[in-house]
1. What residue, among those in the stretch 129-139 that are surrounded by 15 or more Cβ atoms within 10 Å (Cβ to Cβ) and either modelled with pLDDT of 95 or more or not hydroxyl-bearing (S, T, Y) (or both), is farthest from the chain's Cα centre (by Cα)?
2. What tally of residues in the stretch 6-25 results from selecting those that are at pLDDT below 50 and either surrounded by 13 or more Cβ atoms within 10 Å (Cβ to Cβ) or in contact with a strand residue (DSSP E or B) (Cβ under 8 Å, 6 or more places away or on another chain) (or both)?
3. Criterion first (of a type in the set (D, E, K, R), without any contact (Cβ under 8 Å) to a residue 24 or more places away in the chain, surrounded by 13 or more Cβ atoms within 10 Å (Cβ to Cβ) and within 25 Å of T24 (Cβ to Cβ)) does R88 satisfy it?
4. Out of V81, V69, which single residue is hydrophobic (A, V, I, L, M, F, W, C) and touching a Phe, Trp or Tyr at 6+ places or on another chain (Cβ under 8 Å)?
5. Quick check on this structure: which one of F136, F101 is touching a Cys at 6+ places or on another chain (Cβ under 9 Å), in contact (Cβ under 8 Å) with a residue 60 or more places away in the chain and among the aromatic types (F, W, Y)?
6. Restricted to the stretch 28-68, and to residues that are in contact (Cβ under 8 Å) with a residue 60 or more places away in the chain and surrounded by 16 or more Cβ atoms within 10 Å (Cβ to Cβ), which residue is nearest to L116 (Cα to Cα)?
7. Kindly indicate whether L144 is in contact (Cβ under 8 Å) with a residue 40 or more places away in the chain and buried (at least 16 other Cβ atoms within 10 Å of the Cβ).
8. Out of the residues in the stretch 98-128 meeting the condition of being surrounded by 16 or more Cβ atoms within 10 Å (Cβ to Cβ) and among the acidic types (D, E), tell me which one is farthest from I25 (Cα to Cα).
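The values are calculated or read from the model by the stated rules, or taken from the named source; none is laboratory data. If you're wondering where the values come from, they're calculated on a predicted model, not measured in any experiment. Because the Cβ atoms are built from the backbone with ideal geometry, glycine has one as well, and the counts that use them run over all protein chains shown.
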Amino acid sequence: MALVGCSNGEAAAAAATWTPPYCTIVAADMSDFCYLSCPRCERALPDHANACAACGGGPAPARVYRLLVSVATHDRVIPVVLFDRAARVLVGCPAEELACFFAANAGAARAAEEALQGEMCRVAMRAFVKGDAESFRAVSVVPLRDGFRSLIDTLRELYCTADPTPAT
């Protein structure tokens with residue numbers, strides 16, 4: 001796929017950003033939406049790790065997003081990975097909070113997938129190659145719908161739960 005604004009050089013193509021005018025989320029996979037990461041060096045850590053071996057301890061690992069969605073543009077459907085910063089725009093809370101919500105509310109992960117379907121947004125994407133497959137990583141996400149509500153707000157309303165953090 002040719003990216004808008006790319007030159008023929010491989011280095012330029014790897015770093016180029018593609019931003020279609022709009023995208024619609026057609027599917028989201030909440031089965032493996034987050035992972036543990038070292039807050040200092042940002043390396044992925046195995047589940048149940050207490051510290052980063054590369055950093056020699058340090059701060060406790062943090063749960064961060066790696067959310068896989070399929071987005072439809074004007075002419076194709078593309079799998080896109082939303083890492084922590086981009087995913088938080090749609091989800092509206094840290095990955096640890098969403099994981100706790102899913103653990104406390106049976107079926108919430110499936111409801112989250114359904115709630116994201118049909119959401120229109122502008123997604124700036126960057127292509128990257130991992131193995132033999134070309135994938136896209138979201139650089140930024142901007143919801144386009146008036147009255148957009150974050151995923152966690154929608155789930156709290158659906159499951160009649162209150163926000164655990166008081167408004168300031």
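1. So the residue we want is F136.
2. Just the residues of the stretch 6-25 that are at pLDDT below 50, to begin with: 6-14.
Of the ones still in play, those that are also either surrounded by 13 or more Cβ atoms within 10 Å (Cβ to Cβ) or in contact with a strand residue (DSSP E or B) (Cβ under 8 Å, 6 or more places away or on another chain) (or both) are 6, 13-14.
Residues flagged as at pLDDT below 50 and either surrounded by 13 or more Cβ atoms within 10 Å (Cβ to Cβ) or in contact with a strand residue (DSSP E or B) (Cβ under 8 Å, 6 or more places away or on another chain) (or both) within the stretch 6-25 amount to 3.
3. yes
4. V81
5. The conditions single out F101.
6. Among residues in the stretch 28-68 that are in contact (Cβ under 8 Å) with a residue 60 or more places away in the chain and surrounded by 16 or more Cβ atoms within 10 Å (Cβ to Cβ), the one nearest to L116 (Cα to Cα) is A28.
7. No; evaluated as a whole, the condition is false for this residue.
8. Looking at residues that are surrounded by 16 or more Cβ atoms within 10 Å (Cβ to Cβ) and among the acidic types (D, E), I get E113.
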